[in-house]
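Let me begin by presenting the structure, written as structure tokens, before commenting on it.
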């Protein structure tokens, strides 16, 4: 599985997206804190966090005896740069070309 | 505290060079040249690009101090934005760069930015403010592209 596959797989689950949303609002939370927001066993939450960690979307940082979970936005940025920018930029340049084309036509008609 | 991690197909030494060597730093992200005096107490300064200078503002856009330099594994520094009075007033934040060698030529770079007392600095570096251009996520994504392909994604835009 590639890094990108892991990110898409991790995002293809509503519980994991909910966990990411929780961390987006405030990260650096412990498993216990995250667990209290979900109607799910501790083990279930742990499993989801592991998938998010494997995808690099969550980074666990040790702080004394606790493990704090941080949201890592870089994998989403990489997907944005690889997949989204490509198409939006394409559209922008297509529009720019159309504008140029129309302007040129307009000039020719003068 | 904000945490950013990226996995790069490159050696730890190459990643270290890319984040500390002025010639490399200006090749990706915002293309601002930066200089480090890589020893505890050494100076760190990032300079305005020609484009930034056209908009006015200071020549030194970010400053700080090296707290610990352990090539090619760890760099701890302070980091303060100077181009805006309100950002400058938030003072120095702490920035830690950690480089770890992984399996099959993959190196991980983790950037930890302690911005708990600097909400405005947090907003521009986390990408929350769109006009600031993406912050650390953008910089690290571009750094990965540069090291893996030889060409930064931002190169065509700059």
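The numbers here are math on the coordinates, done by the rules we state, and not lab data. Because the structure is a prediction, the values reported are computed rather than measured. Neighbour counts are summed over all protein chains in view; Cβ atoms, including those assigned to glycine, are modelled from backbone coordinates with ideal geometry.
Across the residues of B:3-9, average count of Cβ atoms on other protein chains within 10 Å?
Across B:3-9, the average partner-chain Cβ count within 10 Å equals 6.
Sorted by average packing, counted as other Cβ atoms within 10 angstrom per residue and highest first, what order do B:44-52, B:1-9 take?
B:1-9, B:44-52
Can you give me the distance in nm between label points at residue B:104 and residue A:82, each placed 7 Å from the Cα along the Cα-to-Cβ direction?
It is 1.4 nm.
Taking R0 as 51 Å, what FRET efficiency do you get between residue A:14 and residue B:55 from their Cβ-Cβ distance, rounded to the nearest 0.05?
Calculated transfer efficiency: 0.70.
If I take R0 = 30 Å and measure r between the Cβ atoms of residue A:47 and residue A:3 in this structure, what FRET efficiency does the formula 1/(1 + (r/R0)^6) give, to the nearest 0.05?
So, using R0 = 30 Å, E works out to roughly 0.90.
With a Förster radius of 45 Å, plug the Cβ-Cβ distance of residue B:151 and residue A:32 into 1/(1 + (r/R0)^6) and report the FRET value to the nearest 0.05.
0.50
What does the convex hull of the alpha-carbon atoms of the range A:3-72 project to on average, in nm²?
Projected area, direction-averaged: 4.3 nm².
Could I have the simple spin-label model distance between residue A:67 and residue A:40, label points 7 Å from Cα toward Cβ, reported in nm to one decimal?
So the label points at residue A:67 and residue A:40 sit 1.5 nm apart.
Can you order the peptides B:20-29, A:72-81 by their average number of other Cβ atoms within 10 Å per residue, highest first?
A:72-81, B:20-29
On a 0 to 90° scale, report how tilted helix B:135-149 is relative to the longest principal axis of chain B, with both axes built from alpha carbons and the result rounded to the nearest 10.
30
Residues of the range B:115-133 with amide nitrogen under 15 Å from the 7 Å Cα-to-Cβ point of residue B:86?
Zone members listed by number: B:118-125, B:128-132.
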